[in-house]
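Derivation of every value follows stated rules applied to the coordinates shown; laboratory data play no part. Quantities reported herein were computed from a predicted structural model and do not represent experimental measurements. Glycine gets a Cβ as well: all are built from the backbone with ideal geometry, and neighbour counts include every protein chain shown.
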Amino acid sequence: MKLIDQDLSEPYSIYTYRFFVQQWPDLCLLAYDDTTGDCAGVIICKLEPHRRSYMDEHFASDKVELMRGYIGMIAVGTKYRKLGIGSSLVERALAAMEKRGADEVVLEAEVDNVGALALYERLGFIREKRLYRYYLSGTDAFRLKLWFKKPLSEISVEQVLEDTSL
């Protein structure tokens with residue numbers, strides 16, 4: 001908790017952490033330094049059903065409910081940055097969510113957090129929209145989204161005939 005409190009712009013109570021850890025323990029990951037035993041990084045996520053909206057033309061029209069993953073928070077200790085720990089935590093969390101059936105994953109990142117935005121975009125996230133004055137500080141955020149399934153518009157007839165898993 002100390003690591004998150006130091007690195008995130010928003011204050012979170014112990015109840016927020018408990019909410020995530022108790023319901024989605026496999027989506028809350030810690031990275032430890034083997035030599036010191038210090039917590040080097042943490043990611044806290046969830047996965048829930050999400051009602052389709054008008055923007056979900058990405059998926060087949062008969063799919064009524066999407067499984068939406070959410071990255072609630074990620075923090076990497078200052079001395080552990082630029083070592084790939086953040087990328088590894090996100091990749092592991094994404095793999096766990098996809099394995100559990102996630103159709104998409106969303107998160108919010110501060111518009112001026114260049115490092116975080118670069119990390120997520122490198123992993124395939126796109127900027128879905130800007131959320132004005134999203135944080136308590138008045139800072140704007142970008143909502144980022146990653147789809148696990150291919151959009152229908154990108155699936156060819158040949159692919160459908162060859163691969164029934166699409």
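Pick out, in residue order, every one of the trypsin sites (Lys or Arg not before Pro) in the stretch 67-146 that is DSSP loop and has at most 16 other C-beta atoms within 10 Å; say none if there are none.
Values: sites: R68, K79, R81, K82, R92, K99, R100, R122, R127, K129, R130, R133, R143, K145; in loops: R81, K82, R100, R133.
Those that pass, being in a loop and sparsely packed, are R81, K82, R100, R133.
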Could you list which residues have their amide H under 5 Å from that of C28, counting only those 5 or more apart in sequence or on another chain, with H placed in the peptide plane?
C45
